[in-house]
Ligand SMILES: Cc1cc2nc3c(=O)[nH]c(=O)nc-3n(C[C@H](O)[C@H](O)[C@H](O)COP(=O)(O)OP(=O)(O)OC[C@H]3O[C@@H](n4cnc5c(N)ncnc54)[C@H](O)[C@@H]3O)c2cc1C
């Protein structure tokens with residue numbers, strides 16, 4: 001796999017124009033690398049903000065990372081960008097480890113998982129996306145429903161581009177490819193769904209040695225419990241606490257269409273079991289349903305992008321469902337364009 005250090009920063013783009021669908025981490029990484037190399041880039045993003053699954057939501061006075069809850073750069077390209085190139089005022093290292101749980105019996109976690117530095121941003125992990133997007137041409141609230149081939153290039157929203165990079169989850173990208181009669185070897189790309197609960201309390205959490213717990217075997221409905229206010233001070237008002245719960249793939253799949261009340265009735269007793277009966281009644285509640293949360297299978301970047309240099313696929317469906325991996329796939333897409341100029 002190519003690394004960030006390999007991305008060339010040539011001084012000019014020779015008039016090449018690149019259109020990128022999706023302003024999540026991978027799209028932003030690609031756009032940033034191309035922009036730095038002097039290439040004109042436009043990002044099209046269907047949402048009203050950048051970041052995709054690097055998402056933060058404010059609920060009353062509480063703040064939750066509803067997608068990725070922390071970032072572990074693991075020495076990949078995103079590391080120097082986060083630590084050296086971008087503003088670090090909001091950056092915090094998450095020092096408390098991740099523990100595991102089996103049926104809510106909590107025990108110390110995997111030392112290799114906890115041995116790597118892990119970061120978040122005070123105001124929410126989405127802040128990283130905002131930093132990455134600085135200086136880029138991002139068209140928000142712009143859903144691309146189809147692509148069009150025009151005289152050796154492609155058209156999106158009446159703009160012509162020489163190359164495209166598509167970064168939505170693979171099932172959505174496949175629809176775009178079909179609109180220009182293309183397909184790629186990604187047929188089996190499957191994503192887990194995930195129901196996320198945001199719970200705000202007006203009391204502090206008990207002191208824990210961890211910032212998050214994971215049910216590695218995903219048997220319990222609460223696969224991931226992240227103590228947002230432990231991870232990052234300021235996520236809850238003074239004297240309060242914020243807890244984020246990601247429900248297991250199985251539970252999320254089976255209850256995806258259920259009303260929030262049904263899900264909360266199932267899950268809140270488990271939160272009380274973990275932290276005490278006073279945690280049965282949050283003062284703020286919100287939910288988020290991710291249809292495509294993280295890929296179950298990953299397609300191979302090189303084989304997917306071997307024969308069609310005009311349209312490059314990137315994103316975590318080609319790299320693994322992690323922020324640092326999604327970022328890397330964006331760099332690889334940028335690199336293909338820079339190499340092929
Ligand atoms: C619940 C959850 C928990 C996670 N936890 C972690 C974690 O703790 N650590 C970690 O490293 N990773 C975690 N991840 C994974 C990580 O968030 C993703 O792997 C990464 O953010 C994916 O980035 P991406 O750019 O590939 O895709 P996305 O972030 O999905 O970006 C794609 C963008 O394309 C846009 N889009 C889609 N279709 C269109 C269209 N037709 N037109 C225009 N725009 C479009 C979307 O709105 C989106 O902004 C988690 C993910 C979820 C959902």
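Using beta carbons and a limit of 8 Å, which pairs, at least six apart or on different chains, have the first residue in the range 94-112 and on the phi > 0 side of the Ramachandran plot and the second one assigned to a strand (DSSP E or B)?
Qualifying pairs under 8 Å: 104/222.
Can you find, within the range 52-89, the residue that is farthest from the ligand (Cβ to nearest atom) among those that are surrounded by 13 or more Cβ atoms within 10 Å (Cβ to Cβ) and more than 25 Å from residue 329 (Cα to Cα)?
Step by step, filter the range 52-89, then rank; the result is 61.
Kindly provide the set of residues from the range 31-51 that are more than 8 Å from the ligand (Cβ to nearest atom) and within 15 Å of the chain's Cα centre (by Cα), ordered by number.
We begin by selecting, within the range 31-51, every residue more than 8 Å from the ligand (Cβ to nearest atom); these are 31-43, 48-49.
Across the range 31-51, the qualifying residue is only 49.
Please determine, by comparing only the residues of the range 288-302 that are surrounded by fewer than 19 Cβ atoms within 10 Å (Cβ to Cβ) and more than 12 Å from the ligand (Cβ to nearest atom), which one is farthest from residue 205 (Cα to Cα).
302
Residue by residue, here is whether (1) in contact with a strand residue (DSSP E or B) (Cβ under 7 Å, 6 or more places away or on another chain); (2) assigned to a helix (DSSP H, G or I) holds:
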{"site": "230", "(1), (2)": "no, yes"}
{"site": "234", "(1), (2)": "no, no"}
{"site": "238", "(1), (2)": "no, no"}
{"site": "243", "(1), (2)": "yes, no"}
{"site": "250", "(1), (2)": "no, yes"}
{"site": "257", "(1), (2)": "no, no"}
{"site": "262", "(1), (2)": "no, yes"}
{"site": "266", "(1), (2)": "no, yes"}
{"site": "272", "(1), (2)": "no, yes"}
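Please name all residue pairs, on different chains or six or more residues apart, with Cβ atoms under 7 Å, provided the first residue is in the range 44-67 and is over 22 Å from residue 20 (Cα atoms) and the second residue is near the ligand (Cβ under 6 Å from one of its atoms) and part of a strand (DSSP E or B).
66/196
Inspect the range 305-312 for any residue being modelled with pLDDT of 95 or more, closer than 26 Å to residue 38 by Cβ and within 8 Å of the ligand (Cβ to nearest atom) and give the result as yes or no.
No, the conditions are met nowhere in the range 305-312.
Just give me the residues in the range 129-142 being touching a helix residue (DSSP H, G or I) at 6+ places or on another chain (Cβ under 7 Å) and over 21 Å from residue 157 (Cβ atoms), in sequence order.
129, 132
Out of curiosity, is residue 205 touching a helix residue (DSSP H, G or I) at 6+ places or on another chain (Cβ under 8 Å), more than 11 Å from the ligand (Cβ to nearest atom), at pLDDT 95 or above and assigned to a loop (DSSP other than H, G, I, E, B)?
Here the answer is yes, as residue 205 does meet what is asked.
Filter the range 181-191 down to the residues that are farther than 15 Å from residue 307 by Cα and surrounded by fewer than 20 Cβ atoms within 10 Å (Cβ to Cβ), then identify the one that is nearest to the ligand (Cβ to nearest atom). First the steps, then the outcome.
As a first pass, look at the range 181-191 and keep what is farther than 15 Å from residue 307 by Cα: 187-191.
Checking the rest, the ones that are also surrounded by fewer than 20 Cβ atoms within 10 Å (Cβ to Cβ) come to 187-188, 190.
On the way: 187: 19, 188: 18, 190: 14 Å.
Taking the candidates together, the pick is 190.
How about the range 125-138: which of its residues are more than 9 Å from the ligand (Cβ to nearest atom) and either under 12 Å from residue 86 (Cα atoms) or crowded, with 16+ Cβ neighbours inside 10 Å (or both)?
126, 127, 128, 130, 131, 132, 133, 134, 136, 138, listed by residue number.
The values are calculated or read from the model by the stated rules, or taken from the named source; none is laboratory data. Predicted model, so just to flag it, every value in this text is computed and none were measured. Note that each Cβ is placed from the backbone with ideal geometry, even for glycine, and that neighbours are counted across all protein chains shown.
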